[in-house]
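K.L.:
This structure is in structure tokens; I'll ask about it shortly.
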Amino acid sequence: MEARSVAEGKERRDSARWRLFALVPVVLLVAVVSLFSARGGSVLELVGESPPPADEVDVRRVEFSPGEIRIRVTNPQREDLTIATVTVDDAIVPYTLDGSATLGRLGSTTIVVPYDWVEEEPIAVGVTTSTGIQTTEEIAAAVETPGPSVDGFLGYAVIGALVGIVPVALGLLWLPSLRGARPEWLAAFMALTGGLLTFLAVEALAEALELQAALPGALGGTGLVVLGVAASYLALAFLAGRLGGGGGTRGRTLGGFGLATLVAIGIGVHNLGEGLAVGTSFALGELTLGTFLVVGFMIHNVTEGLGIAAPLAEGRRATLGRLAALALVAGAPTIAGAWLGGYVTSDVLAVLFFAVAAGAALQVVVEVGRYVSRRAPGGLGSGYVVGGFLAGLAVMYATGLLV
């Protein structure tokens, strides 16, 4: 008994010592970073000098209301920037600020300009800093920016439902046909699901990287993308383990309904970004672009319903309630995205949403691949599987041309 207590005491001491040593690299890193921050200037002088920053502000959004223009600006520079003058069509105009004229790093303010702008006429606004550097934003056609209202709220909800829920539900109508397909063709349709999701993942990742390039460098846009992809991938992997029944038992694949649920979640996260794009286009007055996106996404998203239906074809018959739930999981996030795009201005959220969508879609592709490899005749090397996967990519590419 005494020997056991001695052993437990030694184990506790070893555990405490291990935790203490684990902090050593962190403490040393803090010390080195602090030293470099304080004395690093002399080291950097050895390799040359950087040119001074451009002293340009970042114009985030321009909104129009009767007799007034509101310009939302951010300081993307490390040094403070001071707003000196504002111009409209190259003419200096009076303005007021909702905060200080001097913006710290990543600081933002709204410039309010009393101005009788003309509906649907092109207009250019410029913001000049105290150093004399001007940032100009050109608007092709001035249109009143819609504010929050009950009608607008319902309108965005209807648009989100048309873009997300309706086409996914229509795609689920392929389920009876899939149930009558031979095993080889069912494997092809499962592989087609993998192709659809692979295309969505790459598309979302490309969109996230494109949007992060426009973010101020201090926000670390690339890191934000990596964080979003990793977080969503791991979250979906955990959920896949739960749906598989047993908290991620090694080598266990999902059943038909579990995989369909995971596919619906992955598509739903992606559709959140689509709703964001549609809502933003309408909020900025780009009505023609918004209408074009609605029609394009409706055609594009019908194939997503097919991707959800394919895993259900092998299992027991799904009830209408379950099918409706899957359609809502995949399509309803489009409504939330349309609301956010219409009423919230945040490029950071847009980057994060598309990064999360990419990670979620990639994880679902992995689960679809496991499902196909174990249940399809001939496995992943089957001609039906390869053809189905390539067909999924081709279908998404062809319908994507409409967006």
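K.L.:
Does Ala324 count as more than 21 Å from Leu239 (Cα to Cα), out of contact with any strand residue (DSSP E or B) (no Cβ under 7 Å at 6 or more places or on another chain), hydrophobic (A, V, I, L, M, F, W, C) and at pLDDT 85 or above?
P.N.:
Working: more than 21 Å from Leu239 (Cα to Cα): no; out of contact with any strand residue (DSSP E or B) (no Cβ under 7 Å at 6 or more places or on another chain): yes; hydrophobic (A, V, I, L, M, F, W, C): yes; at pLDDT 85 or above: yes.
Against the criterion (more than 21 Å from Leu239 (Cα to Cα), out of contact with any strand residue (DSSP E or B) (no Cβ under 7 Å at 6 or more places or on another chain), hydrophobic (A, V, I, L, M, F, W, C) and at pLDDT 85 or above), Ala324 does not qualify.
K.L.:
For the structure I just gave you, tell me whether Ala169 is small (Gly, Ala, Ser), at pLDDT 85 or above and over 27 Å from Leu320 (Cα atoms). Let's see the steps before the verdict.
P.N.:
Working: small (Gly, Ala, Ser): yes; at pLDDT 85 or above: yes; over 27 Å from Leu320 (Cα atoms): no.
It is false that Ala169 is small (Gly, Ala, Ser), at pLDDT 85 or above and over 27 Å from Leu320 (Cα atoms).
K.L.:
Same structure again: Report, by residue number, each residue of the stretch 130-163 that is β-branched (Val, Ile, Thr) and within 24 Å of Val269 (Cβ to Cβ).
P.N.:
Step one: list which residues in the stretch 130-163 are β-branched (Val, Ile, Thr), which gives 131, 133, 135-136, 139, 143, 145, 150, 158-159, 163.
Matches in the stretch 130-163: Val158, Ile159, Val163.
K.L.:
Right, something else. I'd like to verify a number: residues in the stretch 201-242 that are buried (at least 19 other Cβ atoms within 10 Å of the Cβ) and either modelled with pLDDT under 75 or not in a helix (DSSP H, G or I) (or both), how many?
P.N.:
2
K.L.:
Ok, one more. From Pro176, Pro148, Pro114, Pro122, grab the single residue that is exposed (fewer than 13 other Cβ atoms within 10 Å of the Cβ) and closer than 25 Å to Thr399 by Cβ.
P.N.:
Numbers: Pro148 fails: closer than 25 Å to Thr399 by Cβ; Pro114 fails: closer than 25 Å to Thr399 by Cβ; Pro122 fails: closer than 25 Å to Thr399 by Cβ.
Step by step, each of Pro176, Pro148, Pro114, Pro122 is checked, and only Pro176 is exposed (fewer than 13 other Cβ atoms within 10 Å of the Cβ) and closer than 25 Å to Thr399 by Cβ.
Results for (1) at pLDDT 80 or above; (2) assigned to a helix (DSSP H, G or I); (3) not assigned by TED's automatic domain parsing to the domain that holds Ala124, shown as yes or no for each residue.
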position: Val33; (1), (2), (3): no, yes, yes
position: Thr85; (1), (2), (3): yes, no, no
position: Arg105; (1), (2), (3): no, no, no
position: Thr109; (1), (2), (3): yes, no, no
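The values are calculated or read from the model by the stated rules, or taken from the named source; none is laboratory data. Predicted, not measured: the structure shown is a model, and the values here were computed from it. Using ideal geometry, Cβ is built from the backbone for each residue, glycine included, and neighbour counts are taken over all protein chains shown.
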